[in-house]
Amino acid sequence: MNRFFFRRLPSIGLAVALLFPLLAACGNSDALVIYSGRQQALVGDLLGKLEKELGMDVEVRYGGSAEMAAQLLEEKEPEADLFYSQDSGALGALTEAGKLATLPRDDLDIVDKRFQADDGSWVATSARARVVAYDPKQVSEQDLPSDLDDLLDEKWRGKVGYAPSNGSWQAFVTAVRQLKGEDGARDWLVKFKQNNPQAYENNVLIRDAVDKGEVALGLINHYYYHRKIAEEGAENVNVKLHYVGGNDPLALINVAGVGVIKGSDKAEAAQRAVRYLLSESAQQYFADETAEYPVREGVTSTKHDLPKLSGIESPDIDLSSLSSLKETLALLQEVGLS
Amino acid sequence: MLPEAARSAPAITIAGVVVAIAAAGPLGYLIVRALDGGVAVALQHLWRDRTLELLLRSAGLTAAVTLVCIILGVLAAWLVVRSDLPGRRVFGVLFMLPLAIPSYVGGFTWISEWPGLAGFWGAFLVLTLVTYPYVYLPVAAALRASDPALEEVSRSLGKGSLRTFLLVSLRQVRPAALAGGLLVALYVLSDFGAVSLMRYDAFTLGIYTSYRASFDRTPAAVLGCVLVLLAVAITVGERRARGKAAAFGLTRVGSGAAREAMTVPLRRMRPIALLGSAALLLAALGVPVFSLLRWLTGASAAIDVPVLLSATWSTVEVSALGALLAVLFALPVGVLIARHPSRLSRGVELASYAGHALPGITAGLALVFLGSRVFPGLYQELPMLVFAYAVLFLPLAVAAVRNGIAAAPARLEEVSRSLGKGRFETRLRVTFPLASPGIAVGAALVFLTAAKELPATLMLRPTGTSTLATELWQATDVGAFGAAAPYAAVLIVVAAIPAVVLGNVFRKSSDAGSGGGR
Amino acid sequence: MTELIVTGLAAGYRDTPVLRELDLRVAAGELAAVLGPSGCGKTTLLRVLAGFHQASKGQVLLGGAAVVGDGMHVPPEQRRVGVVPQEGALFPHLSVGANVAFGLPRKRRGSGRVDEMLELVGLRGYAKRMPHELSGGQQQRVALARALAPEPQVVLLDEPFSALDAGLRAEVRADVRDALHATGATAVLVTHDQEEALGMADTVAVMRDGAIAQVGTAQQVYTEPADLAVALFVGEAVLFEVDAVDGVASSALGQLSLVTVDDAASGVGVAVARPEQLHLTAAPDDAAHAVVRDVVFHGHDATVMLAPLVATGALSDGGRLRARVQGHVPVRKGERVRIDVDGPVRFFPHATTERVAGTRSGAY
């Protein structure tokens, strides 16, 4: 018996070490819980500051925006007090399910009408612009596309990079549908496909492909360019951005936003967190650290050379509309560009 | 009247049924969700051209990957166990490692090295390279346990080594190869990482799109039900085929101490076999590792050592606990299937497999749904995550444990009973020790698969806990490949732990056999 | 010291009955052999006795206490019935000592019982070895020691020597017999090998088609088989067509005396002699019964194959005869011989042999 015990001692030790956290497991029920569909690398520091600002513990779970929205919908009692989403679609889903509380008018008024939900259930915290990245070695400025249909030109055959599985591509197509109508959008997509665009997994890969000259143009969000500049230095970056502007899907503005979960027992703290995310210091963080557009007037980036958001024309499109998103996906499946 | 199993072994039957109910939990959720809007709505979601299209695409990919995995896995196992391949011990461990590479990492690295890769062939390549160990492992174990006498007889009857391999060895390992093939098939059906990277419009992609686009869980659940039915059909088919094959799958009987098999000299085939093995490893391990190294030298490569260490420990911890619990769950199921065949035990087996074809997001949401209702106190605590792993990866453990128990002679259990030991003590002191190689394989498979699991981990991990897989995802999602590389690299190293342990288990059992019996 | 009584035992698998109304009685301390051809159900009998298989009917009493009967089924671990399976079936993951200690209660494991048992089977000092390091015969002895260690009421041996080579078999057999007798255990040996059964057992039970055809001493079963089938199964037999009148049978070879149980037998039937009863002498052509076709020499004895020259009435081997002679072989190949039958033979009237003749299609 003793011999048995001592021979097994290492395994018993290991078992105890493994099981210890099981026994010690305990949640902190006093903390503000945030489900964040935005990555830690982008907003981790900011949410750390939030903890100080609120003077209470903040627990953040990171995940994909869509997955977290689905998770919140499946939970019996939502675990989160606050949902921070990379895009408005996921927020729209929670609004539709009645899971988000209405935000105070004072907070909503900080931002422009186009950066909040119609019913006040969520508010944008930062914005990103769709841009056309280009390789200046292959493309001169006067040859740059000035609208959507220019992309269908024969000269871009096989030279446009896009990310079909990315949410921003879907948002772009929604904009195409709303601006051109169903038939117009289908027509455009079919022609776009015939022009042999190059598919990439995400915006980063497109950006780098353009930088290396693998493709001449790339449909991406603006900040990928600025982050590359910040990481590698402007002198080492070849790729450049082109803002199309006007009432064109290529000039679409997407947002990241936040909503308070209805029935949260920390609704007050959650609202203070929303207010903080809209505060000048938080907005400055987006402008400087993530190279996104602040949604609050009067904040400009000290690090990145961002064109003024108010100076960018963009189409007025409701991206949080779920039915619209479904139709977009159906269209993409039909055309074979999903 | 009770089924025979229930009468002859009530405790094990109850335990098996409880496990089956736990394993079938996600299916219950699926049905609840699919019928959310009523039967008519569900049928409407189901009855679309696209459903059939997705089904055919998934089935095609699954069939192709499974077939090639069986060929690769059996060949690799035979080379390592029976041939005089140089360095076969090292190969034996290396062949196992691709199991640790998440299909999304495999896909990512292949795309970054070969940007044109996409569609069916891209998904086929990546999935084959990460899943063939599911066949390799059980087949290698079966080859080690099989009676070499049959092969020797065949050689003595004038059959060459190739024909002996085809006529005898292959038949001996057929049940193991089929069981491994089933695991491959279920993995491919449920995989999202590779098919989404390769933009192959398979079933899981349809399910994900449904969540991402519409946040409507009903169509996703309906599609999930179809996937489960497909999994059930494949599982039943495998069982039929295995039943027939079992007659050929003679493992050693009697004293249990088999002799070391003779080594088959490869002769002229040696360089080709060596080249083939190297090529397989190059594709399955070399490309991802090479790509990771390139990332490491990239711009965003800053290793956050404390985070890396804590993620490594969490990964080892949750995966090991998951493997432990999965094996505990699998023991009664394995005993029931191997020792008390009946309609009930077949049902238990089926229930433990059916949920495995669900993509991670659906399985994760099911556990969110059930966990937040049934065990609200444990929701998003470590035990829930461990339980999730045990349920999600139960088939991996069941297949291996069942094989292990089936290979242990039932007569030894009877001897133990006649020596005054009850059923329970007999299982503890005779059955499980004898089945330990199979149990070890099961634990290793669950460990490796759990270590790379992402969607359920994201949903169920304790807030603030991160694993290598979640850190890897965090980094790649923002395009910081340099920062992602260390996590991927450590994931492969962590996977080497069970690989090496298994190597030892096998060596021990084959040493025990080499002493020469009668 | 426990008596084993089996009455009306029936058992089977699904729709196939294997044991039919089987009765058997083994006295305390006795070694009984159950002898039967493969497929007769002897292994099933052993499995029912051990408790591995459920009987559908009948009763098994161990030392007066029922372990099977009236739907009752005592699980094997509560029967105290030791089993020595074919090829030993040692636990490969346990040492020899641990194998022997397996059935002992925890507190008795260190009490020297293991060494005592190993000593009994002649394997002192082997406790630390692993099973795969032992020869087949040694494994078999360990299996016996393991079965005997917890002092079972009955030990069951399932063809325990079939895997051993001939030389070893005799030695292990003797050792096992001695060990069983030394412990005074009641034992049942199941075998298809008549030499093993006749040579080892105190009592031989011949089993056929799921029932016991005859029980007796080895001598009884051999010289006074209960029926023709038993006669054919236990040992070699030479059969003659005879006409019996009051204990004396007339055959082509002359008058044959019948065994005591057949004292009163009359009628046409079959006489069973054993090959060693055929006495051969070289004879001139007109007195010869047969010609020697072949002599197969075994060392201690020899088998002489004979082709009949006259109608001998022999029924076995297509009319040919087979004789066994001890020591010096008095005849040579090609020689003509006269055949005399020594000692009494067993007689079965034709009415009782039809079933056997039918199933064997005249092969005897």
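Readers should treat all values here as calculations from the given coordinates under stated rules, not as data from a laboratory. Please read all numbers here as calculations on a predicted model, not as lab measurements. Here the Cβ positions follow ideal geometry from the backbone for every residue, glycine too, while neighbour counts run over all protein chains shown.
If the viscosity is 0.692 mPa s and the temperature 37 °C, what translational diffusion coefficient in µm²/s does Stokes-Einstein give for chain B when Rh comes from Kirkwood over Cα pairs?
140 µm²/s
Name the aspartates and glutamates eligible as straight-distance cross-link partners of C:Lys128: C-alpha to C-alpha under 16 Å, and not fewer than 8 places from it in the same chain.
Of all the aspartates and glutamates, those that pass the test against C:Lys128 - Cα under 16 Å, at least 8 places apart if same chain - are C:Asp115, C:Glu116, C:Glu119.
Express the Stokes-Einstein translational diffusion coefficient of the stretch C:46-107 in µm² s⁻¹, to the nearest whole number, given a Kirkwood radius over alpha-carbon pairs, 20 °C and a viscosity of 1.002 mPa s.
Answer, rounded: 160 µm²/s.
Report the residue, chosen from C:Thr203, C:Thr191, C:Thr281, that carries the largest GNM mean-square fluctuation when chain C is represented by alpha-carbon nodes joined by springs under 10 Å.
C:Thr281
With the calculation restricted to Cα positions, what are the radius of gyration and Dmax of chain C in angstrom?
Just the Cα atoms of chain C yield Rg and Dmax of 23.8, 80 Å.
Quick check: Cα centre of the stretch B:442-489 to Cα centre of the stretch A:268-319, how many Å?
Cα centroid of the stretch B:442-489 versus Cα centroid of the stretch A:268-319: 31 Å apart.
Find the relative contact order for the stretch A:202-338 and round it to a whole percent, using C-alpha pairs within less than 8 Å whose residues are 6+ positions apart.
21 percent
Per-residue ellipticity at 222 nm for chain A, helices alone: DSSP H runs ≥ 4 residues times -39500 (n - 2.57), over residue total, nearest 500 deg cm²/dmol?
Values: 12 runs with 140 residues, N = 338.
Calculated at 222 nm, the ellipticity per residue is -13000 deg cm²/dmol.
Out of every Cα-Cα pair in the stretch B:260-385, what percent are more than 23 Å apart?
66 percent
For an R0 of 51 angstrom, estimate the FRET efficiency from the Cβ-Cβ distance between A:Glu77 and B:Leu170 and round to the nearest 0.05.
0.40
To the nearest 10 degrees, how steep is helix A:203-212 against the longest Cα principal axis of chain A, on a 0 to 90 scale?
Helix A:203-212 and the main axis of chain A meet at about 50 degrees.
Check the straight Cα-Cα distances from A:Lys159 and name the lysines below 19 Å, setting aside those fewer than 8 residues away within the same chain.
List returned: A:Lys137, A:Lys191, A:Lys193, A:Lys212, A:Lys240.
Can you tell which of A:Asn236, A:Asn195, A:Asn254 shows the greatest fluctuation in a Gaussian network model of chain A with Cα springs below 10 Å?
A:Asn236
Angle between the Cα long axis of helix A:167-194 and the longest principal axis of chain A, 0 to 90 degrees, nearest 10?
So the helix axis and the longest Cα principal axis differ by about 40 degrees.
Quote the relative contact order of chain A in percent (integer), defining contacts as alpha-carbon pairs under 8 Å separated by 6+ residues.
Computed value for chain A: 24 percent relative contact order.
Roughly how many whole Å is it from the C-alpha centroid of the stretch B:180-204 to that of the stretch C:76-97?
So the two Cα centres are separated by 48 Å.
Which helices, counted as full DSSP H runs in chain B, have an axial Cα extent of no less than 27 Å and a Kyte-Doolittle average of -1.0 or above?
Within chain B the helices that satisfy the rule are B:10-34, B:49-82, B:170-190, B:217-246, B:305-339, B:481-514.
Are there trypsin sites (Lys or Arg not before Pro) in the stretch B:403-452 that DSSP marks as loop and that have at most 12 other Cβ atoms within 10 Å, and which are they?
Taking the stretch B:403-452 and a limit of 12 other Cβ atoms within 10 Å, no loop trypsin sites (Lys or Arg not before Pro) are found.
Compute log10 of I(q)/I(0) for the stretch A:19-146 with the Debye formula, placing one identical point scatterer on every Cα and leaving out solvent, at q = 0.14 Å⁻¹, to two decimals.
Each listed q corresponds, in turn, to -0.76.
Restricting to DSSP H runs of at least four residues, report the calculated mean residue ellipticity at 222 nm for chain B, -39500 (n - 2.57) per run over all residues, nearest 500 deg cm²/dmol.
Numbers: 27 runs with 382 residues, N = 518.
-24000 deg cm²/dmol, from helical runs alone.
Hey, with R₀ at 51 Å, roughly what FRET efficiency would C:Ala307 and B:Ala118 work out to, going by the Cβ-Cβ distance, to 0.05?
With a Förster radius of 51 Å, E is 0.05.
Straight-line reach from A:Lys99: which lysines have Cα under 23 Å away, leaving out those fewer than 8 places along the same chain?
Hits, sequence-local ones excluded: A:Lys76, A:Lys113, A:Lys262, A:Lys266, A:Lys326.
With each pseudo-label sitting 7 Å past Cα toward Cβ, what's the B:Val236-B:Thr263 distance in nm, one decimal?
The answer from the label model is 4.7 nm.
What is the mean number of Cβ atoms from other protein chains located within 10 Å of the Cβ atom of each residue in peptide C:178-187, rounded to a whole number?
0
Please list, by residue number, every one of the GluC sites (Glu not before Pro) in the stretch A:282-338 that is coil in DSSP and has at most 13 other beta-carbon atoms within 10 Å.
Taking the stretch A:282-338 and a limit of 13 other Cβ atoms within 10 Å, the loop GluC sites (Glu not before Pro) found are A:Glu297, A:Glu313.
What is the spin-label model distance, in nm, from B:Leu35 to C:Arg338 if the labels are put 7 Å beyond Cα along the C-beta direction?
Simple spin-label model gives 9.8 nm for this pair.
Taking the Cα atoms of the protein assembly as shown, report the difference between the largest and smallest coordinate on each principal axis, in whole Å and largest first.
Principal-axis extents of the protein assembly as shown (Cα, largest first): 136, 59, 58 Å.
Select from C:Glu21, C:Glu77, C:Glu276 the residue whose mean-square fluctuation is largest in a Gaussian network model of chain C (Cα-Cα springs shorter than 10 Å).
Judging by the Gaussian network model, the answer is C:Glu77.
Name the residues of the stretch C:105-132 whose amide N is less than 16 Å from a point 7 angstrom out from the Cα of B:Leu428 along the C-beta direction?
C:105-107
I'd like the distance between the alpha-carbon centres of the stretch A:113-150 and the stretch C:217-254, rounded to an integer number of Å.
Cα centres, the stretch A:113-150 to the stretch C:217-254: 110 Å.
Beyond 22 Å, what share of the Cα-Cα pairs of the stretch A:202-284 remains, rounded to the nearest whole percent?
Cα-Cα pairs of the stretch A:202-284 separated by over 22 Å account for 49 percent.
Between the helical axis of A:223-232 and the dominant principal axis of chain A, each derived from Cα atoms, what acute angle in degrees is found, rounded to the nearest 10?
So the helix axis and the longest Cα principal axis differ by about 80 degrees.
Calculate how large, on average over all directions, the projected area of the Cα convex hull of the stretch A:79-220 is; give the answer in nm² to one decimal. Don't jump to the answer; show the numbers that get you there.
On the way: hull surface 42.5 nm².
If I average the Cα hull's projected area over directions, I get 10.6 nm².
Run the simple label-point estimate for B:Arg270 and A:Gln333 please: 7 Å along Cα→C-beta, distance reported in nm.
About 5.7 nm separates the two model spin labels.
Please identify every one of the trypsin sites (Lys or Arg not before Pro) in the stretch A:136-233 that sits in a loop by DSSP and has no more than 11 other beta carbons within 10 Å of its own beta carbon. Numbers along the way, then the final one.
Values: sites: A:Lys137, A:Lys155, A:Arg157, A:Lys159, A:Arg177, A:Lys180, A:Arg186, A:Lys191, A:Lys193, A:Arg207, A:Lys212, A:Arg227, A:Lys228; in loops: A:Lys137, A:Arg157, A:Lys159.
For trypsin sites (Lys or Arg not before Pro) across the stretch A:136-233 that sit outside H, G, I, E and B with at most 11 neighbouring Cβ atoms in 10 Å, the list reads A:Lys137.
Taking only C-alpha pairs under 8 Å that are 6+ residues apart, what is the relative contact order of chain C in percent?
It comes to 15 percent, rounded to a whole number.
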